[in-house]
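Chemist: Just dropping this structure here.
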Amino acid sequence: MAHKLYAAPLSLYSGKARAYLDWKGVEYEEILSSTDVYKTIIVPKVGRPVIPVMETEAGETLQDTTLIIDHFEDEIGGPSVYPETPKQRLVALLMEVFGDEWLVIPAMHYRWNYNEEWVYGEFGATAAPDASREDQLALGRERGASFKGFCPVLGINPQTIPAIEASYEALLADLDAHFAVHDYLLGSRPSIGDYGLIGPLYAHLYRDPASGEIMKRLAPRVAAWVERMVDVKAPLSGEFLPDDEIPQTLLPVLERMMVEQMPFLQNTADMLASWAKANPDIEIPRAVGMAEFAVEGVTGQRIAPPFSLWMLQRPLDYYRDLPDADKLAVDEFLSTIDGASAFRNFTVGRRLAFKNFKLGLA
């Protein structure tokens, strides 16, 4: 049988997986994650309603985009989305964490505060593709309400929204300047970092009409990058920049991650360590409380998800396992980025593992 991807057009992480599979040249069938598909396939296989889910032609079930990507990197080989040189590989891994785990904030804000009515129709069309438009809208409002309800716990509220928008518009400006020079983050080939960014920047911030208009108006080169990523013209093509070069145009993006996301992740790691000490035999929850975060000088509270720490382990492990000479070069590079000491000195606390579709203590 062919590989099967259970996904949906409006799904952030489906956008990430789909873009990768298309560039990698994987032959697969995409199956819409309707209510029936969730009930009869996804929940029985994975244990909860989540997408994307990949069922390989060998019958293996994969859930989580990073695991899907790594599976096909190992299986297919050939040109990789992981750079081989130390600075580029670390930057790519960091950008995946930034996109996957931080840009969900503007993605959810713009979806639910700019595109709400349109998205209800999308939820309904996904859940019941054969229903009437009226029934789809009614079902979409029912299904979408829970997703809209995530906004406050993600730190999206009247006090933080102006700062979230200012940060997002500054990020768009920085990326627009970068994509004026380079097709992708690190050259003419997409990296794992590009795939981290494409989920929020495509599935929510480009595809949703009101936020898509904002992106095309403020950052047309970012919109063009999104289109290159999701409409793959030449699979397995392109090269990373020579000599382990990190473009200067990426430094503001990395600084934004270090200043905004890393302190929040350290707060989350500290909270997880305390939680694990107090709850040694309990399954890890999706959040271990509410943690402080700051964007553009405005502070707020948002859920502290251990899954973000599992993602951060990837660049941390890579960085800490580097040979001395490579680590020296990487440290020299990181010293040029404001806030990077938060990454270099990150205190992990408890290691995490993702097995059998669940996050747990390693």
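The values are calculated or read from the model by the stated rules, or taken from the named source; none is laboratory data. Every value quoted in this text rests on a predicted model; they were computed, and no experiment measured them. In this analysis, Cβ positions are derived from the backbone assuming ideal geometry, glycine residues included, and neighbour counts consider all displayed protein chains.
Chemist: Within segment 167-180, how many residues turn out to be in contact with a Ser or Thr (Cβ under 6 Å, 6 or more places away or on another chain) and aliphatic (A, V, I, L, M)?
Modeler: 1
Chemist: With touching a helix residue (DSSP H, G or I) at 6+ places or on another chain (Cβ under 7 Å) and farther than 23 Å from Y13 by Cβ as the only criterion, which of D270, D321, D326, D281 stands out?
Modeler: D326
Chemist: Please report, ordered by residue number, the helices (runs of 4 or more DSSP H) entirely within segment 112-175 with at least 2 residues that are assigned by TED's automatic domain parsing to the domain that holds D208 and over 30 Å from M95 (Cβ atoms).
Modeler: By residue number, 116-127, 133-148.
Chemist: Moving to a separate point now. Here are A291, A276: which of them is part of a helix (DSSP H, G or I), assigned by TED's automatic domain parsing to the domain that holds L328 and of a type in the set (G, A, S)?
Modeler: A276
Chemist: Out of contact with any His (no Cβ under 7 Å at 6 or more places or on another chain), assigned to a loop (DSSP other than H, G, I, E, B), in contact (Cβ under 8 Å) with a residue 40 or more places away in the chain and surrounded by 22 or more Cβ atoms within 10 Å (Cβ to Cβ): is that true of V91 in this structure?
Modeler: It is false that V91 is out of contact with any His (no Cβ under 7 Å at 6 or more places or on another chain), assigned to a loop (DSSP other than H, G, I, E, B), in contact (Cβ under 8 Å) with a residue 40 or more places away in the chain and surrounded by 22 or more Cβ atoms within 10 Å (Cβ to Cβ).
Chemist: Within the bounds of segment 161-179, is there any residue that is charged (D, E, K, R) and either more than 30 Å from L334 (Cβ to Cβ) or modelled with pLDDT under 95 (or both)?
Modeler: The answer is no, given that none of the residues of segment 161-179 is charged (D, E, K, R) and either more than 30 Å from L334 (Cβ to Cβ) or modelled with pLDDT under 95 (or both).
Chemist: I'm checking my understanding of the structure. Among residues of segment 159-209 that are among the charged types (D, E, K, R) and surrounded by fewer than 23 Cβ atoms within 10 Å (Cβ to Cβ), which one is nearest to H71 (Cα to Cα)?
Modeler: R189
Chemist: Could you tell me whether T35 is surrounded by fewer than 20 Cβ atoms within 10 Å (Cβ to Cβ) and in contact with a Lys or Arg (Cβ under 7 Å, 6 or more places away or on another chain)?
Modeler: Here the answer is no, as T35 does not meet what is asked.
Chemist: Pick out the one residue from V81, V97 that is outside the structural domain of D321 (by TED's automatic domain parsing), crowded, with 21+ Cβ neighbours inside 10 Å, of a type outside the set (F, W, Y) and not in a helix (DSSP H, G or I).
Modeler: V81
Chemist: Check R286 against each of (1) in a loop (DSSP other than H, G, I, E, B); (2) in contact with a strand residue (DSSP E or B) (Cβ under 7 Å, 6 or more places away or on another chain); (3) within 30 Å of G155 (Cα to Cα) and name the one condition it does not meet.
Modeler: It fails just one condition, (2).
Chemist: Determine which single condition W112 fails, assuming it passes every other condition in (1) within 26 Å of G196 (Cα to Cα); (2) in contact with a Leu (Cβ under 7 Å, 6 or more places away or on another chain).
Modeler: For W112, the exception is condition (2).
Chemist: OK, next. Restricting attention to segment 261-277, which residues are surrounded by fewer than 20 Cβ atoms within 10 Å (Cβ to Cβ), closer than 22 Å to G300 by Cβ and touching a residue at least 40 places away in the same chain (Cβ under 8 Å)?
Modeler: Matches in segment 261-277: P263, D270.
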